[in-house]
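Trainee: What follows is a single structure, and I will ask about it in a moment.
Coordinate-derived values only; no laboratory data. Predicted, not measured: the structure shown is a model, and the values here were computed from it.
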Amino acid sequence: AAATAAATEEPIQPPVDVKYTKLLINGNFVDAASGKTFATVDPRTGDVIARVAEGDAEDVNRAVAAARRAFDEGPWPRMTAYERCRVLLRFADLIEQHADEIAALETWDGGKTLEQTTGTEVPMVARYMRYYGGWADKIHGLVVPADGPHHVQVLHEPIGVAGQIIPWNFPLLMFAWKVGPALACGNAVVLKTAEQTPLSALFVASLLHEAGLPDGVLNVVSGFGPTAGAALSSHMGVDKLAFTGSTGTGKIVLELAARSNLKPVTLELGGKSPFIVMDDADVDQAVELAHRALFFNQGQCCCAGSRTFVHERVYDEFVEKARARALQRVVGDPFRTGVEQGPQIDGEQFKKILQYVKSGVDSGATLVAGGDRAGSRGFYIQPTVFADVEDEMKIAQEEIFGPVQSILKFRFATLEFPRIPSDRDRLSTGIYTNTLRAMCSTVEEVVRRANATPYGLAAGVFTQRLDAANTLARALRVGTVWVNTYDVFDAAVPFGGYKMSGVGREKGVYSLRNYLQTKAVVTPIKDAAW
Ligand code: ADP
């Protein structure tokens, strides 16, 4: 009831003005060639925040031409790596100086709580930029031994013009994950922001120029996927494509890249990540962590822990407490202190989530909390919890991307290998092998079910038992396993998906590989004796 009241109050006036609404091409904010604009909407009310220049194929052509010039002729790839490092470090300082403004803009356009944008996201953007700035002057090749009398150098060169397409759920963080490594490696960029959230990228891009980025090195095109996004994916002048979004759109951009110039593509796609609560769990802690794993960012996370598997021994207590926690969750104006959950991003997502809720009810899952919109305007949804969810239900198979927790029960399968003591058992290795086998077969059911999805982005494991944690961490076919924690996004830690959750890794040293070419230079050695 508190949730509903908060969501119906008068919206708080955002403490920021919208300064940048045009496309950023070659260092200038310009109108779209067509003169068209589109509305970006306040998810709290559905009201228009601002109209933004709508880039399409022609603007992408202009942006790519500017990026090509900046890369082929401009100073950026030619300046010292230390100078590039310093631009990124100055940019991080400017982000901190303008933190309040940036956070407010991100909250306004995306509906995220101000506590989250101020406390976590904006500081993380600065941290990522310092991390990548730190890499800029530490990227170097190798000298490798050859069989013959040859001196072989392997050079790591920037790949050229990078096209980057980002989603609406973390506009600033995705900006940082993509632009940071690309610039650190000396590339030029054309960034296509999501049509729901164009504002923050334009603002921080202006700061990047203030920090000393040469014109044309970063171009930002606001616009829609099938027009601007598709034009960038299929552009012959783009040397590399990086995409974050849904798996369906990932397939489209990969195909466009293949059909055009075979530009390499990294993809960060959807997920249906399991969060596994073992029988030994402290239920209160497990409930809180599982709750955050799912509800963080209004449930709009590619790595949301959206299948909560709970061992039968603690299941009933877990469901009751998960329900109570969801009912306590404070939903309301994201600008208000103490609010945990703001509105969903737009009407389309709002409708889709409520359809999934209906599908959960229709398929026989038990609705224990929420299940409806919160308030009467904007895109707020009640924190929703389903118990008794079965693997084949749609809500357990498809990405909901909203505040809907699905709880599934699992049990320990009977041991497949009864432990018959043998001579070998007396050897420590034998005992070890048998123990491990027993452990594997114990968790076999939940491993099999957790892995039975086309996705493989992340997983959570909650247990005090080291053997269970180790076994699960190895058995789960996912890019990240969080043990007794969730959603830890350090700059140095690689992130990405197995299976249909993606191709390649972002963050850490792994992200640099996406933005570098490898060149072998072979020279004969005249006097091989030396
Ligand atoms: P969502 O369904 O969550 O909006 P999308 O994968 O459609 O996720 O969107 C992620 C990004 O991909 C956005 O910037 C969007 O504009 C872009 N996009 C959507 N469709 C296409 C497309 N056909 N080609 C290229 N980019 C696209």
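Trainee: For the stretch 65-82, in order, what is each residue's ³J(HN,Hα) by Karplus, 6.51 cos²θ - 1.76 cosθ + 1.60 with θ = phi - 60°, in whole Hz (x at glycine and Pro)?
Mentor: Result, ordered by residue: 4, 5, 5, 4, 4, 5, 7, 6, 10, x, x, 4, x, 9, 6, 5, 4, 5 Hz.
Trainee: Among the aspartates and glutamates, which fall within straight-line cross-link reach of Lys22, defined as a Cα-Cα distance under 16 Å, with same-chain neighbours fewer than 8 residues apart omitted?
Mentor: Answer for Lys22, where 16 Å is the Cα cut-off: Asp31, Glu54, Asp56, Glu58, Asp59, Asp109, Glu195, Asp215, listed by chain and number.
Trainee: Report Rg(Cα)/(2.2 N^0.38 Å) for the chain, keeping two decimals.
Mentor: 1.05
Trainee: Here's another thing I want to ask about it. Take every DSSP beta bridge whose two residues both sit in the stretch 263-387, then give the antiparallel share in percent to the nearest 5.
Mentor: That works out to approximately 40 percent antiparallel.
Trainee: Under 8 Å for C-alpha pairs, at least 6 residues apart: give me the relative contact order for the chain, rounded to a whole percent. Don't skip to the end; give the middle numbers.
Mentor: Details: 1208 pairs, mean separation 95.6, N = 530.
So the answer I get is 18 percent.
Trainee: Using alpha-carbon pairs under 8 Å, 6+ residues apart, how would you state the relative contact order of the stretch 191-327 in percent?
Mentor: Result for the stretch 191-327 is 18 percent.
Trainee: Where q = 0.17 Å⁻¹, what log10 of I(q)/I(0) comes from the Debye formula for the stretch 468-530, counting one point per Cα?
Mentor: The Debye formula, applied to the Cα set alone, gives -0.73.
Trainee: If you don't mind, there's one more thing I want to ask. Could you work out [θ]222 nm for the chain from helices alone, using -39500 (n - 2.57) per DSSP H run of at least four and dividing by all its residues? Round to the nearest 500 deg cm²/dmol.
Mentor: Helices in the chain give a 222 nm mean residue ellipticity of -11500 deg cm²/dmol.
Trainee: Another question, if that's okay. From the convex hull of the Cα coordinates of the stretch 98-230, what is the mean projected area in square nanometres? It would help to have the intermediate numbers written out before the result.
Mentor: On the way: hull surface 40.1 nm².
The Cα convex hull of the stretch 98-230, projected and averaged over all directions, gives 10.0 nm².
Trainee: Mind checking which lysines have their Cα closer than 27 Å to the Cα of Lys263? Skip sequence neighbours fewer than 8 apart in that chain.
Mentor: Straight-line reach from Lys263, under 27 Å: Lys138, Lys178, Lys192, Lys240, Lys251, Lys499, Lys507, Lys519.
Trainee: Related question: Given a cut-off of 22 Å, name the pairs among Lys19/Lys112; Lys112/Lys394; Lys272/Lys352; Lys358/Lys394 whose C-alpha atoms lie farther apart than that in the structure shown. Each step should come with its number before you reach the end.
Mentor: Numbers: Lys19/Lys112 20 Å; Lys112/Lys394 27 Å; Lys272/Lys352 16 Å; Lys358/Lys394 11 Å.
In this structure, Lys112/Lys394 exceed 22 Å between Cα atoms.
Trainee: To check you understand DSSP bridge types, tell me what percent of the beta bridges within the stretch 103-232 (both residues inside) are antiparallel, rounded to 5. All intermediate terms of the calculation are to be shown ahead of the outcome.
Mentor: On the way: 3 of 12 bridges.
Counting DSSP beta bridges with both partners in the stretch 103-232, the antiparallel share is about 25 percent.
Trainee: For the stretch 195-216 and the stretch 287-361, what is the separation of their Cα centres, given in Å?
Mentor: 33 Å
Trainee: Let me ask another. Take every DSSP beta bridge with both residues inside the chain and express the antiparallel ones as a percent of the total, to the nearest 5.
Mentor: Details: 28 of 66 bridges.
The answer is about 40 percent antiparallel.
Trainee: How large are Rg and Dmax for the stretch 326-391 when calculated on the C-alpha trace, in angstrom?
Mentor: In order Rg, Dmax, the Cα atoms of the stretch 326-391 give 12.6, 38 Å.
Trainee: Could you state the number of Å between the C-alpha centres of the stretch 107-150 and the stretch 62-86?
Mentor: Taking the Cα centre of each part, the stretch 62-86 and the stretch 107-150 sit 18 Å apart.
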